[in-house]
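Novice: Sharing a structure below in structure tokens format, with a few things to ask.
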Amino acid sequence: MKASVGTKGLIFNEPLLWEKGVDGRRGFSMPTRDVDEAPLDESIRGDGPQFPDLSEVDVVRHYTHLSQWNFGVDSGMYPLGSCTMKYNPKTNERQAALSGFTGAHPLLPDQLSQGALQLLYDLERYLAAVTGLPAVTVQPAAGSQGELTGMLVFYAYHKSKGQPRTKVLIPDTAHGTNPASAALCGFKSVAVKSNEKGILDPANISGLMDEDTAGIMVTNPNTLGLFEENIIEIAEIVHNKGGLVYADGANMNAIMGMVNMADSGVDVLHLNLHKTFSTPHGGGGPGAGPVCVTAALEKFLPVPRVVKKENEAYSLSWNHPDSVGRLHAFYGNFGILVRAYSYIRSMGAGNLKKASQLAVLNANYIKENLKDTYDLPYDRACMHECVFSDKNQNQYNITTLDIAKRLMEYGFHPPTIYFPLVVHGAIMIEPTETECKNDLDAFIAAMKAIDRETRENPELLTEAPRIPKVRRLDETLAARKPKLAG
Amino acid sequence: MKEISELTFPDDLRYTKDHEWAKQDGDTIKIGISAYAQDQLGDIVFVELPAVGDTFDKGGEFGTVESVKAVSELYMPMGGEIAAINEALEDTPESVNNAPYTDGWMIEIKPGDPDEYNALMDKAAYLDMLKGQES
Amino acid sequence: MRYLPHTDEEITEMLQVVGVDNLEDLYKSCPRGCCTITDMDLPDPLTEWELNRHMDELTAGMGASPEYKVFLGAGSYDHFIPSAVQYLLSRSEFITAYTPYQPEISQGTLQAIYEYQTLVTWLTGMDVANASMYDGASGLAEALLMSIRVARRKKVAVSTAIHPHYRQVVNTYFSPTEYEVVEIPYLENGRTDISRIGNLDELAGVAVQSPNFFGCVEDLGALGDIVHSDPKTLMVVAFSEPMTYGLLKNPGSLGADIVCGEGQSFGIPRSFGGPGLGMFAAKQKYVRNMPGRLIGQTLDKDGQRGFVLTLATREQHIRREKATSNICSNQGLCATASAMYMATVGGTGLRDLARLNYDKNEYLKNELAQAGFSLPFNSPTFNEFVVKFPDGFENTYQKLLEKKIVAGLALENYYPELPGCYLLCATETSTREDLDILVKEVTS
């Protein structure tokens, strides 16, 4: 076998910031004082925080050392299922860093923010073209805030009909956030079981959908990586009872240019720009969670809206009495929106469609190559991700966690593990389209090598990882005796 | 996780289908979770308990027990008023793992209807139920 | 396309392995009825160089600092960002990582956020801080929902001197719930009329912002006494300008139970309002009711110090509909930026810098007062303040835009009772000359 991707390297120990501070050091070029000290009411004066004093070099070395303990998409393949860890193009960073954007105050008069408003307006149109849903808001700051926005639209819609409803159907293959988002709007979630094929059964929905149910939240493709084949029929059932269909579009990367979400019966959908549209994940944010809706639901979208009348300038508009209100202090995570815009303009329709097709091809290629080695509970054509389990390895007392930890030593970020819950010991692999065949082959080889190790040398797995900065960490200690600050 | 035969279930306790135990002690009833329950949950990191004086019906949720990645509700084996809570669990939740029937007790109640105690499962019935779940 | 690495030969080879004839056939499981997009209506792709030109054109007309002198604060502040912060933040290892689910290979993010949490507790005078919320506005909404969980009551009171956008977001979050938001008016001195709180019973939480939207520093000590006269009510203090606490008393020392605010001032560009950073801190006893992620210290198998995500049972993916919030991630990179900024400026530096900000504002305030403009509120202020300009100032405001000066924010849209009043802001980025020009221009 060829040498694995992971190897040893020189990384450094690094204390906590305050363990290396020395009073009197300076890391900041203090602006020139050109005004006198003014009187200050002593009753409000404080002591200031006891931050450490560090030199610029101290700070630069500190964070450089920390960064070297991290694995990112730029380090290697990051097949974290449901997270779409695709490559983050560098030109996006250049565009978001343009001083005309970074130096722009959000409350500038419209006439001084035409470029930013035009970008927001056009991005909304582009996302409408991708999803087939004509009205879009880009305000929600993350997927979960997009979900909340969607549930607020559900709530406002039923209220406007004079018939508030109390329940929402949520399949067991949906994202974990869905019930929490629904609960924020007072909806009780009703769990829907998927069938033996891993998808929703219309008969099941039919039995659960009633006139006190606001609608359904579907993740499509679902978290098993399967397309909800009955979505059109399910949407009809829900609509016939006066309900709405919400689609969690976290997995949109599978279907751009191939599936029209509006034609599948979806009324409300959120996108994760940090997944499908290549904006970086930043170690856990900032992201962006635009929401796309049908024309009938447009009036409920958050304010302000960006509008443009013919021959007039772009402007912000607040006069939308049915709107669910404001979700963000300003217009959302604008810097992230710039990156997504930059991506769409770089790709165009043809490349976006091809990106989805290749994402699906990559996932199916991995599935075909590993299905004889790892248990595949739903052996069907998948979309952008595939879900295995640790069943075959369990007999050697090896678990998904061990496989994940060992994979690090081969130079790969582990897949999503123990999710979705419908698969015991799930290993959820989403390669994305930006991984080339060589890297997929290396990943497949590593997974097969790990399977051999479960029989031949299981300690390599149970003791993994040994190469990174730290070994397995004691999460029980962390939770029993929480130490959350220094 | 352990086999049922490796776990201890004292004879003088009563048990529920949700794996709480109850122990009569004069006028009050002490309540905790069984060795089976703590073993299923794994390392327990936090126990959320009610306030003394709160009252609950039989089957009411009186608290939660947390492991690193799971939360389970705790249900009243019988209705009553909380007379005491095990405050030591705040600092040593591991007692629920190490000594589920002694140091790991959770609440003590003044029962509303003392007869409810006799309706609970004895050890033999509880073991039968567990064995039924296993197969 | 340079992001799609597959050659035609590789695609053919892979399709064979998968057992389908072409890429379209990968979608056989999708019903024909929704495979209806044949061509998305999008502009043709641009080369990297064409995109640069297009984006340069888009940004060319923006009234951005420093080309424009923008005396606007109102929740978004212009502060110098050290090159070291920008440079460090651009490291791929921080940008292209995700939530640290695998702690062994995410210690960089984990330690950075643990340090961030610690610095935020010191800044605000609180016991624990989370890994951040989306922004100051949603942070306030989440803080009020948290007070409802802790107090097990259904009503909160909110000062009308809180940023109007923050209050709008609170109303959005509260609209589908059974909970009630009561507004507390402000006084003639620009501070919240805290005497009104006594008339309200069964409050879960009382929220003020300090400095408030008018820049006025609230009397948090007096507020704490009133709020805590009911032992169940939580005192929630919001902020939009964290620089304040380099100079003024922090909310924790004055009795706050939850402190939440916008951290954009610390190393994050204004970027047309986002992404920013929701700082969020609380007293230790409320930690299990906090929303958002928390990083904790622990040990690895060999006994070395390390960091992990912890107390996750509060969160949506475990507690589902009973979670403390639906928030999943945080503003990770922005939190990291602010920690880098706090580390670079340092304790001594922050005290000096905050003082300089205060003095610049006082200078501008005095110059305007001497030029004959009235300052409607006489409470102490930090970084921004309200000035009343004479009738017809709108024309002057428009003319100043042509001179690349933005003379503050008209308050009448938000507070109809304050016609002619403008919120002005000056930070360390304004030189005395800039301030003198502003005074001269508004006077002429």
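Novice: Take every Cα pair under 8 Å in chain A that's 6+ residues apart, average their separations, divide by the length, and report that relative contact order as a whole percent.
Specialist: About 19 percent, as a whole number.
Novice: If one takes the accessible area of chain A alone plus chain C alone and subtracts that of the pair, with a 1.4 Å probe, what total in Å², rounded to the nearest 100, results? Working shown, then result.
Specialist: On the way: alone 24390 and 23490 Å², together 31180 Å².
Rounded to the nearest hundred, the buried surface is 16700 Å².
Novice: Only Cα pairs under 8 Å and at least 6 apart count here; give the relative contact order of the stretch B:11-126 as a rounded whole percent.
Specialist: Relative contact order, the stretch B:11-126: 32 percent.
Novice: List the residues of the stretch A:1-40 that lose 40 Å² or more of accessible area once all protein chains are present, compared with their chain alone (1.4 Å probe, heavy atoms only, no ligands or nucleic acids).
Specialist: A:Leu16, A:Leu17, A:Trp18, A:Arg26, A:Phe28, A:Met30, A:Pro31, A:Arg33, A:Asp34, A:Val35, A:Ala38, A:Leu40
Novice: Hey, what D do you get for the stretch C:83-341 in µm²/s if you plug the Kirkwood alpha-carbon radius into Stokes-Einstein at 25 °C and 0.890 mPa s?
Specialist: Rounded to a whole number, D works out at 132 µm²/s.
Novice: Work out the length of the dipole vector of the stretch C:83-341 about its Cα centre, built from +1 on the beta-carbon of each Lys and Arg and -1 on the beta-carbon of each Asp and Glu, and round it to the nearest 20 debye.
Specialist: 540
Novice: Mind computing the radius of gyration and Dmax over the alpha-carbon atoms of the stretch C:115-173? Å is fine for both.
Specialist: Cα radius of gyration and Dmax of the stretch C:115-173 are 12.7, 35 Å respectively.
Novice: Kindly give Rg over Rh for the stretch A:92-345, based on alpha-carbon atoms, with the Kirkwood expression for the hydrodynamic radius.
Specialist: That ratio is 0.98, to two decimals.
Novice: Next question. Give the residue from A:Val470, C:Val158, B:Ala119 lying farthest towards the positive end of the charge dipole for the protein assembly as shown; charges sit on Cβ (+1 for Lys and Arg, -1 for Asp and Glu) and the dipole is referred to the Cα centre.
Specialist: Of A:Val470, C:Val158, B:Ala119, it is A:Val470.
Novice: Next up: Chain C: D in µm²/s via Stokes-Einstein (Kirkwood Rh, Cα pairs, 4 °C, 1.567 mPa s)?
Specialist: Approximately 53 µm²/s, per Stokes-Einstein.
Novice: Sticking with this structure for a sec: At 222 nm, what value in deg cm²/dmol follows for chain C if DSSP H runs of at least 4 each add -39500 (n - 2.57) and the sum is divided by all its residues, to the nearest 500? If you can, show how the numbers build up before the last one.
Specialist: Working: 12 runs with 153 residues, N = 444.
Estimated from H runs of four or more residues: -11000 deg cm²/dmol.
Novice: Straight-line reach from C:Lys301: which aspartates and glutamates fall under 15 Å, measuring Cα to Cα and dropping same-chain residues less than 8 apart?
Specialist: Of all the aspartates and glutamates, those that pass the test against C:Lys301 - Cα under 15 Å, at least 8 places apart if same chain - are A:Asp402, A:Glu459, A:Glu463, A:Asp474, A:Glu475, C:Glu104.
Novice: Now a separate question. Pairs to check: A:Lys275/A:Lys354; A:Lys371/B:Lys2; B:Lys58/C:Lys154; B:Lys17/B:Lys69; A:Lys197/A:Lys367. Give those whose C-alpha atoms are more than 25 Å from each other in this structure.
Specialist: Pairs exceeding 25 Å: A:Lys371/B:Lys2; B:Lys58/C:Lys154.
Novice: Now, a different point. Considering only Cα-Cα distances, which of the following residue pairs are longer than 27 Å: A:Lys193/C:Lys285; C:Lys249/C:Lys283; C:Lys283/C:Lys322?
Specialist: Over 27 Å apart, Cα to Cα: A:Lys193/C:Lys285.
Novice: Right, next: Need one number for the stretch A:213-279: average projected area of the convex hull over its C-alpha atoms, nm².
Specialist: 4.4
Novice: Sticking with this one: Sort out the exposed loop GluC sites (Glu not before Pro) in chain C (DSSP loop, at most 15 other Cβ within 10 Å) and tell me the longest stretch that has none.
Specialist: C:203-411
Novice: Now a separate question. Through the Karplus equation 6.51 cos²θ - 1.76 cosθ + 1.60, θ set to phi - 60°, convert the phi angles of the stretch A:172-186 into ³J(HN,Hα) values in whole Hz; use x for Gly and Pro.
Specialist: Using θ = phi - 60°, the values come out as 6, 9, 7, 5, x, 6, 3, x, 5, 5, 5, 4, 4, 9, x Hz.
Novice: Counting other Cβ atoms within 10 Å of each Cβ, which trypsin sites (Lys or Arg not before Pro) in the stretch B:1-75 have at most 10 and sit in a DSSP loop?
Specialist: Sparse-neighbourhood loop trypsin sites (Lys or Arg not before Pro): B:Lys2.
Novice: Using DSSP, restrict attention to beta bridges with both residues in the protein assembly as shown and report what percent are antiparallel, rounded to the nearest 5.
Specialist: The antiparallel proportion sits near 65 percent.
Novice: Could you calculate, for chain A, the ratio of the Cα radius of gyration to the Kirkwood radius, expressed as Rg to Rh? Don't jump to the answer; show the numbers that get you there.
Specialist: On the way: Rg = 25.0 Å, Rh = 24.9 Å.
Taking Rg over the Kirkwood Rh, I get 1.00.
Novice: I've got another one for you. How large is the accessible surface per residue of the protein assembly as shown, computed with a 1.4 Å probe and reported in Å² as a whole number?
Specialist: On the way: 37060 Å² over 1065 residues.
Here the residues of the protein assembly as shown average 35 Å² of exposed surface.
Novice: Additional query: What whole-number volume per residue, in cubic angstrom, does the convex hull of the C-alpha atoms of the protein assembly as shown give?
Specialist: It comes to 171 Å³ per residue, whole-number rounded.
Novice: Follow-up question, since we're still on this one. Could you compute how fast the stretch B:11-126 diffuses translationally, taking Rh as the Kirkwood radius over C-alpha pairs and applying Stokes-Einstein at 10 °C with viscosity 1.306 mPa s? Give it in µm² per second.
Specialist: The estimated diffusion coefficient comes to 115 µm²/s.
Novice: Right, here's the next one. Given the stretch A:164-283 reduced to its alpha-carbon atoms as identical point scatterers, what log10 I(q)/I(0) does the Debye formula return at q = 0.14, 0.16 Å⁻¹?
Specialist: Cα-only, vacuum Debye calculation for the stretch A:164-283: -0.55, -0.72.
Novice: Something else: Quick one: dipole size for the stretch A:198-351, taken about the Cα centre, charges +1 on Lys/Arg Cβ and -1 on Asp/Glu Cβ, in debye to the nearest 20.
Specialist: In debye, rounded to 20, the stretch A:198-351 gives about 980.
Novice: Now for a different question. Using alpha-carbon positions, what is the distance between the centroids of the stretch A:85-100 and the stretch C:85-117, in Å?
Specialist: That distance is 18 Å.
Novice: The stretch C:118-163 to the stretch B:12-76: how many Å between their Cα centroids?
Specialist: 32
Novice: Additional query: Considering only DSSP states other than H, G, I, E and B, which trypsin sites (Lys or Arg not before Pro) in the stretch A:144-176 qualify as loop sites with at most 12 other Cβ atoms within 10 Å?
Specialist: Working: sites: A:Lys159, A:Lys161, A:Arg165, A:Lys167; in loops: A:Lys161, A:Arg165.
Here the trypsin sites (Lys or Arg not before Pro) that fit, given the DSSP loop and packing criteria, are A:Lys161.
Novice: Mind listing which GluC sites (Glu not before Pro) in the stretch A:1-78 are in a DSSP loop and have 12 or fewer other Cβ atoms within 10 Å?
Specialist: A:Glu37
Novice: Taking K and R as +1 and D and E as -1, what net charge do the other residues with C-beta under 13 Å from the C-beta of A:Lys481 add up to?
Specialist: Net local charge, A:Lys481 excluded: -4.
Novice: Which residues, if any, in the stretch C:254-298 lose at least 40 square angstrom of accessible heavy-atom surface (probe 1.4 Å) when the other protein chains sit next to their chain rather than the chain being alone?
Specialist: C:Arg270, C:Ser271, C:Phe272, C:Gly273, C:Pro275, C:Arg288, C:Gln297, C:Thr298
Novice: Regarding the stretch B:68-110, what is the average projected area of its C-alpha convex hull, in nm²?
Specialist: Average projection, Cα convex hull of the stretch B:68-110: 3.5 nm².
Novice: Expressed as a whole number of Å, what is the distance separating the alpha-carbon centroids of the stretch C:1-79 and the stretch A:1-69?
Specialist: 36
Novice: Name the long-range amide H neighbours of B:Met121: under 5 Å, sequence gap of 5 or more, or other chain; modelled H, no Pro or chain starts.
Specialist: The list, which skips near neighbours in sequence, is B:Tyr15.
Novice: Rounded to the nearest percent, how much of the accessible area of the protein assembly as shown (1.4 Å probe, protein heavy atoms only) is carbon and sulfur?
Specialist: Percent of accessible area from carbon and sulfur atoms in the protein assembly as shown: 47.
The values are calculated or read from the model by the stated rules, or taken from the named source; none is laboratory data. As the structure is a prediction and not an experimental result, all values here were calculated from the model. Note that each Cβ is placed from the backbone with ideal geometry, even for glycine, and that neighbours are counted across all protein chains shown. Accessible surface areas use protein heavy atoms only, side chains included; no ligands, DNA or RNA. Shrake-Rupley method; radii C 1.70, N 1.55, O 1.52, S 1.80 Å.
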